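Notes follow the structure.
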Amino acid sequence: MRMENLCVSVISSMDKLRIINFINQESLEHLRHYLEENHYHILELNGDTIKDKKSFFVEAIKKLPQDPPLHSPPIGQGNWDAFIDSSIGGLANLETEKVALIWTSVENMLESGLPDLIEAINCFRDACHEVTNALYGFPRKMTLLTFLVGKGNNFKLIGENNSNALG
């Protein structure tokens, strides 16, 4: 597993958005509202059934843009390199410059598939670097943010009634 340069944060202000952000489930509607107001194209993974690599791939194949398409159901446990390549191709086909990926109930994978969760986060980080840097051949500059939404102390509240307000 690669842990170098893992850019993660808890949103404390609009200026502090990172490519990977941890948000409390109770703040999900506020997050969606913020993203819609700021013209993000929202992609969402339903983490209720994601507990490991294979279940991640099943959900990702259903919900995320891919080019070329990944095999459904995933062959074996799925392939992270193929996932990154396919996701970047799928993002290139979207006609938007701002994309937000919301992954709900991420605590399910945190509890039962931590190594797979770390690898998935690394994939999102790698995809972000590729779509924001013209050197990698992406057709245009894109802002890609990932929001890991869950319950518990690892996920911070945001909103108007909290000191960690967006915008």
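The values are calculated or read from the model by the stated rules, or taken from the named source; none is laboratory data. Everything numeric here is computed off the predicted structure, so don't read it as measured data. Cβ atoms come from the backbone with ideal geometry, glycine included; neighbour counts cover every protein chain shown.
You will find that of GLU111, GLU130, GLU160, GLU97, the residue that is charged (D, E, K, R), at pLDDT below 95 and buried (at least 19 other Cβ atoms within 10 Å of the Cβ) is GLU130 and no other. Going through the stretch 32-60 one residue at a time, which ones are hydrophobic (A, V, I, L, M, F, W, C) and within 14 Å of the chain's Cα centre (by Cα)? Answer for the stretch 32-60, where residues must be hydrophobic (A, V, I, L, M, F, W, C) and within 14 Å of the chain's Cα centre (by Cα): LEU35, ILE42, LEU43, LEU45, ILE50, PHE56, PHE57, ALA60. Restricting the stretch 105-137 to residues that are more than 20 Å from THR49 (Cα to Cα) and of a type in the set (D, E, K, R), which is nearest to the chain's Cα centre (by Cα)? Looking at the filtered set, the residue picked out is ARG125.
Scanning the stretch 129-147 for residues that are within 20 Å of ARG32 (Cβ to Cβ) and not in a strand (DSSP E or B) gives a single hit, MET142. Could you tell me which residue of the stretch 49-92 is surrounded by the most Cβ atoms within 10 Å (Cβ to Cβ), considering only residues that are among the hydroxyl-bearing types (Ser, Thr, Tyr) and either modelled with pLDDT of 95 or more or part of a helix (DSSP H, G or I) (or both)? By that ranking, first place goes to SER87. GLU36 meets the conditions (1) more than 20 Å from VAL106 (Cβ to Cβ); (2) surrounded by 14 or more Cβ atoms within 10 Å (Cβ to Cβ); (3) modelled with pLDDT of 95 or more in every case but one. The failed one is (2).
Of all residue pairs spaced 6 or more apart or on separate chains, those with beta-carbon atoms under 7 Å, a first member in the stretch 33-51 that is within 29 Å of PRO115 (Cβ to Cβ) and a second member that is part of a loop (DSSP other than H, G, I, E, B) and of a type in the set (A, V, I, L, M, F, W, C) are LEU43/LEU64; GLY47/VAL106. Taking the criterion of being over 18 Å from GLY150 (Cα atoms), free of Cβ contacts under 8 Å to residues at least 60 places away in the same chain and not in a strand (DSSP E or B), the residues of the stretch 94-128 that qualify are LEU94, GLU95, THR96, GLU97, CYS123, ASP126, ALA127. Scanning the stretch 44-83 for residues that are within 28 Å of GLU29 (Cβ to Cβ) and aliphatic (A, V, I, L, M) returns LEU45, ILE50, VAL58, ALA60, ILE61, LEU64.
Residues in the stretch 18-33 that are surrounded by 20 or more Cβ atoms within 10 Å (Cβ to Cβ), polar (S, T, N, Q) and not in a strand (DSSP E or B): SER27 only.
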